[in-house]
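Enquirer: Sharing a structure, written as structure tokens. Questions coming.
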Amino acid sequence: QVQLVESGGGLVQAGDSLRLSCAASGRAFSTYDMGWFRQAPGKEREFVAAISWGGGRTSYADSVKGRFTISRDNAKNAGYLQMNSLKPEDTAVYYCAADRIRVRNGAPPDYWGQGTQVTVSS
């Protein structure tokens, strides 16, 4: 059983940076894949990034590659998404996710957080 709580969202200007945090409860989190999805108004959920349980494998959506960095700290039961060079099109609710096997595009993860709003003004 894993519970996820996101934080760190806010209102920023284009070009600014934010770091989102995902605080996890449950001892199994350290063995799970974790990642991030986002959903903008009027759009479907979009995969953003994922990281393996040991941190050795990461993947990113093309739209954020080179700007966003995913990381995790299993000792703290936490995951992070560093977002640099933010663009207005990054505006969305960002959700932390965890899965026993894979966090990936096109498949619902085992667990979701409540979401945190990121708004980027032009």
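The values are calculated or read from the model by the stated rules, or taken from the named source; none is laboratory data. Keep in mind that what you see is a predicted model, and the values were worked out from it rather than measured. With ideal geometry, Cβ positions are generated from the backbone for all residues, glycine too; neighbour counts draw on all protein chains shown. Ligands, DNA and RNA are excluded from the accessible area calculation, which covers all protein heavy atoms including side chains. Shrake-Rupley method; radii C 1.70, N 1.55, O 1.52, S 1.80 Å.
Enquirer: Checking the structure you have, find out if any residue of the range 61-69 is at pLDDT below 95, within 18 Å of Q117 (Cβ to Cβ) and not in a strand (DSSP E or B).
Expert: Scanning the range 61-69, I find no residue that is at pLDDT below 95, within 18 Å of Q117 (Cβ to Cβ) and not in a strand (DSSP E or B), so the answer is no.
Enquirer: Where residues in the range 74-84 are modelled with pLDDT of 95 or more and open to solvent by 30 Å² or more (accessible area, probe 1.4 Å), which of them is farthest from Q3 (Cα to Cα)?
Expert: Here the residue is N84.
Enquirer: Right, here's the next one. Could you list, ordered by first residue, the pairs with Cβ atoms under 9 Å in which the first is in the range 4-17 and closer than 13 Å to A92 by Cα and the second is part of a loop (DSSP other than H, G, I, E, B), at least 6 apart or interchain?
Expert: Listed pairs, sorted by first residue: G9/G115; V12/L86.
Enquirer: Restricting attention to the range 1-53, which residues are under 11 Å from the mean Cα position of the chain (by Cα), among the basic types (K, R) and surrounded by fewer than 21 Cβ atoms within 10 Å (Cβ to Cβ)?
Expert: Selection gives R19 alone.
Enquirer: Being open to solvent by 30 Å² or more (accessible area, probe 1.4 Å) and touching a Gly at 6+ places or on another chain (Cβ under 9 Å) is the filter here; which residues of the range 85-101 pass it?
Expert: S85, K87, V93, Y95, listed by residue number.
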